[in-house]
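Following: one structure in structure tokens, then a few remarks.
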Amino acid sequence: MYNSFQKHLQKELAEIEAAGLYKNERIIESPQGAEILVKGKKCLNFCANNYLGLANNPELIKAAKEGMDARGFGMASVRFICGCQDLHKKLEEKIAEFFGTEDTILYAACFDANGGVFEPLLGEQDAIISDSLNHASIIDGVRLCKAKRFRYANADMADLEAKLIEAKDCRFKLIATDGVFSMDGNVCPLDKIYELAEKYDAMVMVDESHSAGVVGKTGRGVTERYNLKGKVEIITGTLGKAFGGGVGGFTTGKKEIIDMLRQRSRPYLFSNSLAPGLVAAGIRMFEMMSETNELQDKLHENTDYFLRRMKEEGFDCKPSESAICAVMIYDAAKSQQYAAKMQEESIFVTGFYYPVVPKGEARIRVQISAAHEREHLDKCIAAFVKVRKEIEG
Ligand SMILES: *Cc1c(COP(=O)(O)O)cnc(C)c1O
């Protein structure tokens, strides 16, 4: 049997490769950081979600080790059967404290949090109104739910209003949006979304994966940025980006919503609890966040500096309120040339083109981190200037 299936897969894989869409992974031989080792060569990393530079933070490593010493390696169980540790409850409290919410539920990843948030809460009589650029995990989560689906153009408030009107006869309505959209780095207009939600009696769910730790003066995310802390019903997020870059996801928000998720959310009920080491490091991470704003400040300074210098050098960057800087190249083939040549300069950035971004809007995405020092940013900018000269002449 496998023979024919193997041929089928080989053919499809060849097609992916021919279309230039085959994903090759680079092998990193060092911890994650501003500088990484690839094939024995030192490179600068500008394509990680390591926004606060915590992925190799000594205090988090220490906390993880101590957590393992105190509570062991793994849980080997789901929570509703075996329970959880004191550490898990403490981390859930810390997350709620950070976002100013009522309660939190942990998942193995934010992909699971989003996969398990809609189906337990909403049914056929209800509506989910979702931004067209929402993360794949929100899209999948919505698919698993029986609620009616409406999609509005990215951050387009007129379109959102039109969809809210279309959905007005549904019992409950939930607007779902990413906090920061990962291709442009734009922050969702949560102030206007919230106004429309009030006007049309809808609830709001924000995925803060790219915005938590980043957006807002103290990195509390888009609800801080728009003075809406504690107001939106549901926030989801990850421990895999700014918050240390390990693994783990969460949903935080209104008490009854979290209660219901503990009863009915399938990725929570039927998947293993987070490992104690990760949980202990998570607790320490949120403690650090409340002790100092140093990392958030540095990240904001770095992003401002990078965008200002790139503009001075004549590059066309999308305005960004996050740590994602889209350097617009427009032409798809050229964007790939840029990315390849930047790599030759030992700078890792990602080139995106259609269908990941709209046609004619190819770009290089640069992700800034608090781990970057001024010299790293300067090297990246100098490489952009050099590569542009090579390509554009
Ligand atoms: C990265 C990301 C996720 C997935 O997070 P994991 O914890 O890695 O599963 C979900 N939503 C958004 C918006 C993301 O950017």
Open item on the list: What are the pairs with Cβ atoms under 7 angstrom where one residue, in segment 137-154, is outside the structural domain of S182 (by TED's automatic domain parsing) and the other, located anywhere, is among the basic types (K, R) and surrounded by fewer than 17 Cβ atoms within 10 Å (Cβ to Cβ)? Sequence gap at least six, or different chains.
Closed with: none
TODO: Within segment 156-198, track down each residue that is more than 14 Å from the ligand (Cβ to nearest atom), surrounded by 21 or more Cβ atoms within 10 Å (Cβ to Cβ) and in a loop (DSSP other than H, G, I, E, B).
DONE: A167
Task: Failed item in (1) within 16 Å of the ligand (Cβ to nearest atom); (2) closer than 24 Å to D184 by Cα; (3) buried (at least 23 other Cβ atoms within 10 Å of the Cβ), with I95 passing the rest - done: (2)
Open item on the list: Which numbered condition in (1) over 17 Å from L44 (Cα atoms); (2) modelled with pLDDT of 95 or more; (3) open to solvent by less than 60 Å² (accessible area, probe 1.4 Å) is the only one that Y353 fails?
Closed with: (2)
Open item on the list: Anything in segment 108-127 that is over 16 Å from I235 (Cβ atoms) and more than 12 Å from the ligand (Cβ to nearest atom)? List them, or say none.
Closed with: E119, P120, L122, G123, E124, Q125, D126, A127
Task: Residue check, I139 β-branched (V, I, T), within 21 Å of V357 (Cα to Cα) and open to solvent by 30 Å² or more (accessible area, probe 1.4 Å) - done: yes
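Among the residues of segment 226-248 satisfying the criterion of being within 9 Å of the ligand (Cβ to nearest atom) and among the polar types (S, T, N, Q), which is nearest to the chain's Cα centre (by Cα)?
We begin by selecting, within segment 226-248, every residue within 9 Å of the ligand (Cβ to nearest atom); these are 236-241, 247-248.
Retained after the next criterion (residues that are among the polar types (S, T, N, Q)): 236, 238.
Working: T236: 10, T238: 7 Å.
That would be T238.
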TODO: Specify which of the listed residues (I381, I364, I329) is part of a helix (DSSP H, G or I), of a type in the set (V, I, T) and open to solvent by less than 70 Å² (accessible area, probe 1.4 Å).
DONE: I381
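Determine whether S137 is within 15 Å of the ligand (Cβ to nearest atom) and part of a helix (DSSP H, G or I). Walk me through it before giving the result.
On the way: within 15 Å of the ligand (Cβ to nearest atom): yes; part of a helix (DSSP H, G or I): yes.
When the stated conditions are applied, S137 passes them.
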- [ ] List the number of the failed condition for Q336; all other conditions in (1) closer than 18 Å to N45 by Cα; (2) open to solvent by 60 Å² or more (accessible area, probe 1.4 Å); (3) touching a Lys or Arg at 6+ places or on another chain (Cβ under 9 Å) hold.
- [x] (3)
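Just for helices (runs of 4 or more DSSP H) wholly inside segment 1-113: which have at least 3 residues that are within 22 Å of E256 (Cα to Cα)?
Because the criterion is at least 3 residues that are within 22 Å of E256 (Cα to Cα), the helices (runs of 4 or more DSSP H) in segment 1-113 that meet it are 79-82, 86-99.
Scan segment 270-282 and give yes if some residue there is within 17 Å of the chain's Cα centre (by Cα), crowded, with 24+ Cβ neighbours inside 10 Å, within 15 Å of the ligand (Cβ to nearest atom) and assigned by TED's automatic domain parsing to the domain that holds F111, otherwise no. Reasoning before the result, please.
So in segment 270-282, the residues within 17 Å of the chain's Cα centre (by Cα) come out as 282.
After this cut, where a residue has to be crowded, with 24+ Cβ neighbours inside 10 Å as well, the list is 282.
With within 15 Å of the ligand (Cβ to nearest atom) added as a condition, the list becomes 282.
Subsequent filtering for residues that are assigned by TED's automatic domain parsing to the domain that holds F111 retains 282.
Scanning segment 270-282 turns up at least one residue that is within 17 Å of the chain's Cα centre (by Cα), crowded, with 24+ Cβ neighbours inside 10 Å, within 15 Å of the ligand (Cβ to nearest atom) and assigned by TED's automatic domain parsing to the domain that holds F111.
So that you can scan it fast, the table gives a plain yes or no per residue for (1) more than 11 Å from S322 (Cβ to Cβ); (2) hydrophobic (A, V, I, L, M, F, W, C):
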{"residue": "L174", "(1), (2)": "yes, yes"}
{"residue": "G179", "(1), (2)": "no, no"}
{"residue": "N186", "(1), (2)": "no, no"}
{"residue": "K192", "(1), (2)": "yes, no"}
{"residue": "D201", "(1), (2)": "yes, no"}
{"residue": "E233", "(1), (2)": "yes, no"}
{"residue": "G237", "(1), (2)": "yes, no"}
{"residue": "A242", "(1), (2)": "no, yes"}
Task: Failed item, numbered, when G216 is tested on (1) open to solvent by 40 Å² or more (accessible area, probe 1.4 Å); (2) more than 16 Å from the ligand (Cβ to nearest atom) - done: (1)
TODO: Identify all residues within segment 199-208 that are of a type in the set (A, V, I, L, M) and open to solvent by less than 10 Å² (accessible area, probe 1.4 Å); write none if there are none.
DONE: V204, M205, V206
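Suppose the filter is among the polar types (S, T, N, Q), open to solvent by less than 10 Å² (accessible area, probe 1.4 Å), under 21 Å from V279 (Cβ atoms) and within 11 Å of the ligand (Cβ to nearest atom); does T252 pass it?
Numbers: among the polar types (S, T, N, Q): yes; open to solvent by less than 10 Å² (accessible area, probe 1.4 Å): yes; under 21 Å from V279 (Cβ atoms): yes; within 11 Å of the ligand (Cβ to nearest atom): no.
No, not satisfied.
The values are calculated or read from the model by the stated rules, or taken from the named source; none is laboratory data. Computed from a predicted model, the values in this text were never measured in an experiment. Glycine gets a Cβ as well: all are built from the backbone with ideal geometry, and neighbour counts include every protein chain shown. What goes into the accessible areas is simple: the full protein's heavy atoms, side chains included, and nothing from ligands, DNA or RNA. Shrake-Rupley method; radii C 1.70, N 1.55, O 1.52, S 1.80 Å.
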